[in-house]
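The values are calculated or read from the model by the stated rules, or taken from the named source; none is laboratory data. All figures in this text were calculated on a predicted structure; none of them were measured in a lab. Here the Cβ positions follow ideal geometry from the backbone for every residue, glycine too, while neighbour counts run over all protein chains shown.
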Amino acid sequence: MKYAHPESLVSTAWLADNIDRADVRVVDATFTLPGMSPSAHELYAKRHIPSAVFFDIDDISDHANPLPHMLPSDAVFAARMSAMGLGDGRKIVIYDSAGFNSAPRAWWMVKAYGHDDVAILDGGLPKWLAEGRSATALIPKPKPVTFTAKLDRSRVRDKAQIVANLEGKTEQVIDARSAARFAGTVQEPRPGLRAGHIPGSVNIPIDQLADPQTKTVLPADRLAKRFGEAGIAPGGKPIVASCGSGVTACAIAFGLHMLGWGRAAVYDGSWSEWGLPGDTPVATGPT
């Protein structure tokens, strides 16, 4: 079994051979939870792949929304991308310092705003460094370019749509958080949130989509098996991915994209919204 979209996942060898191409841009999309030390920006500043710009998931967001890193307007996204030298006619290659954690969020955002030539670096920074490839603390100063942004709203779900789906059950929700967080047996890392999951959702933790040693995305056959174990199959219900705050949910969308099993939408508010005190129903226990 082969990936349906092999162009969306590039190897470290490919990047090493193509990093100096004028039409290739490298992006570090490392993300850490608030209060963690070192922060994502500090990790980037200390060491990153040469020429990589920093995609700040918290900054490239709707700052008027109290929820964390919600999608910004087309104009804001276009401006941020332009300032990083990321634009039309460029192949954008994204990685993160954990290997396969937050890079899918940046990949999904770039896709959602209409730029298709974007890929994830398989294995991310850990694999790049393990192979003895160079890293730097030098911050690049890219020239602004044009990025044409138009958000495809069909790729996004909001709370009202998830509430409606509790009755209609027309879409299957997959939660990428850990099994313990999904089951509600541990406290959420963001204070003030209830524990548990959206009723009717299934759990596929993000770390089950990549090899635990190399951090590379599972081969297509193993990826398909993992989704199948959760009751997901090609041609089934449309998928909505969720997680803690809309970051690791995008790994679900990426995995399904690689298999060619349809284009998953992402619940942007995710548990940071659903888990707030209120009247949204919460289930506990395993899938």
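Pick out, from the range 98-198, the helices (runs of 4 or more DSSP H) lying fully within it that include 3 or more residues that are more than 26 Å from S73 (Cα to Cα) and in the same structural domain as S245 (by TED's automatic domain parsing).
159-168, 179-183
Residues are listed down the side, and each one gets a yes or a no for (1) among the hydrophobic types (A, V, I, L, M, F, W, C); (2) out of contact with any His (no Cβ under 6 Å at 6 or more places or on another chain); (3) surrounded by 24 or more Cβ atoms within 10 Å (Cβ to Cβ):
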position: D175; (1), (2), (3): no, no, yes
position: F182; (1), (2), (3): yes, no, yes
position: P191; (1), (2), (3): no, yes, no
position: Q208; (1), (2), (3): no, yes, no
position: Q213; (1), (2), (3): no, yes, no
position: T216; (1), (2), (3): no, yes, no
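Which one of these is within 24 Å of A265 (Cβ to Cβ) and buried (at least 19 other Cβ atoms within 10 Å of the Cβ): Y44, Y113, Y3?
The unique qualifying residue is Y113.
What's the number of the condition H69 fails, among (1) of a type outside the set (K, R); (2) surrounded by fewer than 20 Cβ atoms within 10 Å (Cβ to Cβ); (3) not in a helix (DSSP H, G or I)?
Status for H69: all satisfied but (2).
Considering every residue within the range 183-204, establish whether at least one is of a type outside the set (F, W, Y), in contact with a strand residue (DSSP E or B) (Cβ under 8 Å, 6 or more places away or on another chain) and under 19 Å from H5 (Cα atoms).
no
Kindly indicate whether I232 is in a helix (DSSP H, G or I) and either in the same structural domain as A103 (by TED's automatic domain parsing) or touching a residue at least 24 places away in the same chain (Cβ under 8 Å) (or both).
It is false that I232 is in a helix (DSSP H, G or I) and either in the same structural domain as A103 (by TED's automatic domain parsing) or touching a residue at least 24 places away in the same chain (Cβ under 8 Å) (or both).
Give the number of residues within the range 72-113 that are without any contact (Cβ under 8 Å) to a residue 40 or more places away in the chain and aromatic (F, W, Y).
The number of residues fulfilling the criteria is 1.
So V76 clears everything in (1) within 29 Å of W261 (Cβ to Cβ); (2) among the aliphatic types (A, V, I, L, M); (3) out of contact with any strand residue (DSSP E or B) (no Cβ under 6 Å at 6 or more places or on another chain) except one condition, right? Which one?
V76 satisfies every listed condition except (1).
Residue check: is A220 surrounded by 17 or more Cβ atoms within 10 Å (Cβ to Cβ), within 19 Å of the chain's Cα centre (by Cα) and more than 23 Å from R181 (Cα to Cα)?
So A220 passes the test.
Answer yes or no as to whether A241 is in contact with a helix residue (DSSP H, G or I) (Cβ under 8 Å, 6 or more places away or on another chain), in a strand (DSSP E or B) and either within 25 Å of H69 (Cβ to Cβ) or touching a residue at least 40 places away in the same chain (Cβ under 8 Å) (or both).
Yes: the conditions hold for A241.
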